[in-house]
Amino acid sequence: MRSTLLKASQSEWLARQVRGRSFAQRASRRFLPGEDVEAALAAAERLRDRRVPTLITLLGEAITERREAELVADEYLEVLNRIEQRDLPTQLSIKLTQLGLDVSRDVCVEQLSRIVARADAAGNYVCVDMEASSYVDSTLDVFRAVRGSRTNVGICLQAYLYRTAHDLEELLRLNVPIRLVKGAYNEPPRIAYPAKRDVDENFFKLAQRLLSHGPPGAVPHAFGTHDPHLIMRIQDFAAGRGLPKDAYEVQMLYGIRRDDQHRLAAAGYGVRTLISYGQHWFPWYMRRLAERPANLLFVAKSLFR
Ligand code: FDA
């Protein structure tokens with residue numbers, strides 16, 4: 001089921017069929033407050049009022065024209081302006097294929113640099129997302145180029161890839177804030193752990209390494225997971241090392257395990273919610289279904305409603 005949903009996530013034909021349908025829009029609202037930035041900012045305000053800081057991301061991938069990459073970067077600059085105007089505790093999370101990674105390295109470095117520089121001026125921070133394995137080398141390359149001159153940028157690494165232990169060591173040497181996640185794409189067993197149990201174990205091993213290394217600066221390392229068992233193991237390990245509850249962050253997606261997000265925040269743990277917005281939600285939404293096929297029930301309910 002997981003790999004069928006992940007294959008379906010890449011179908012442009014299916015995306016066109018589904019996007020305009022009202023049942024699909026209803027179902028997507030569970031994970032997406034709305035398609036425009038104002039809906040995302042309103043959700044960030046509501047979460048701020050419950051002491052949960054946020055990250056915002058514009059959905060969309062694989063841009064092939066320089067002009068499109070510039071427009072995406074312009075949009076992120078505008079989001080940073082609005083975050084600053086409202087004084088929100090909201091950072092950005094960005095996919096490099098949206099900033100022209102498929103166009104050229106230079107275009108992507110240029111657009112990411114514009115955003116990171118503006119974020120720096122506003123005292124804000126940008127996390128670079130990690131996409132399918134074919135993009136890992138180029139993503140790290142662009143990230144290093146921009147990180148060379150700014151320190152308010154970090155990167156996401158995926159625990160399902162065998163290579164991640166090595167990448168993590170390289171990045172720790174640069175004192176980079178890292179968000180560790182399990183990984184959301186369809187990868188072959190040649191390069192990624194096929195069994196969830198092994199991914200979970202590798203996640204915990206890498207988490208221990210991050211926590212032992214200590215915080216990289218003002219922005220702590222983050223664990224992007226909703227897995228309660230894994231979160232508990234991380235908390236126990238951190239407490240055993242005498243780390244305060246906010247020395248690291250647990251990051252979750254908008255709409256998933258909301259009670260856990262509020263409970264963690266109320267207990268004083270570092271927690272942050274990633275809010276997505278934008279019209280290109282189909283591939284992203286299918287990846288959320290693939291993570292938990294039981295979510296298909298919500299889609300079915302929305303269809304019958
Ligand atoms: P896991 O799959 O182990 O499930 C544990 C529990 O969490 C489930 O039992 C369920 O209760 C809940 N849950 C998990 N997913 C759910 C869903 N979709 N709907 C409802 N409940 C769900 N990936 C990537 O490749 N590159 C990236 O840059 C990022 N960035 C990112 C940022 C943040 C903040 C998060 C939280 C996640 C990502 N991911 C990502 C996605 C990540 O790789 C992974 O696919 C998902 O987080 C699912 O794995 P978990 O560890 O959360 O839960």
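Laid out as a table, the results:
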read-out: Those helices (runs of 4 or more DSSP H) lying entirely in the stretch 1-106 with at least 2 residues away from the ligand (no atom under 15 Å from the Cβ) and modelled with pLDDT of 95 or more; value: 37-49, 66-86
read-out: Neighbours by Cβ (under 7 Å, 6+ apart or cross-chain): first from the stretch 152-181, surrounded by fewer than 17 Cβ atoms within 10 Å (Cβ to Cβ); second basic (Lys, Arg) and modelled with pLDDT of 95 or more; value: Leu174/Arg147
read-out: Residue, surrounded by the fewest Cβ atoms within 10 Å (Cβ to Cβ), within the stretch 194-217, restricted to residues that are within 20 Å of Gly268 (Cα to Cα) and without any contact (Cβ under 8 Å) to a residue 40 or more places away in the chain; value: Gly214
read-out: Residue under evaluation Asn124, criteria (1) more than 10 Å from the ligand (Cβ to nearest atom); (2) of a type outside the set (A, V, I, L, M); (3) out of contact with any Lys or Arg (no Cβ under 9 Å at 6 or more places or on another chain), criterion not met; value: (3)
read-out: Val109 being more than 16 Å from the ligand (Cβ to nearest atom), within 18 Å of the chain's Cα centre (by Cα) and assigned to a helix (DSSP H, G or I); value: no
read-out: Filter result for Gln10 (closer than 21 Å to Thr139 by Cβ and surrounded by 18 or more Cβ atoms within 10 Å (Cβ to Cβ)); value: no
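The values are calculated or read from the model by the stated rules, or taken from the named source; none is laboratory data. Bear in mind the structure is a predicted one, so any value in this text is a computation, not a measurement. Methodologically, a virtual Cβ is constructed for each residue, glycine included, from the backbone with ideal geometry; neighbour enumeration extends over all protein chains shown.
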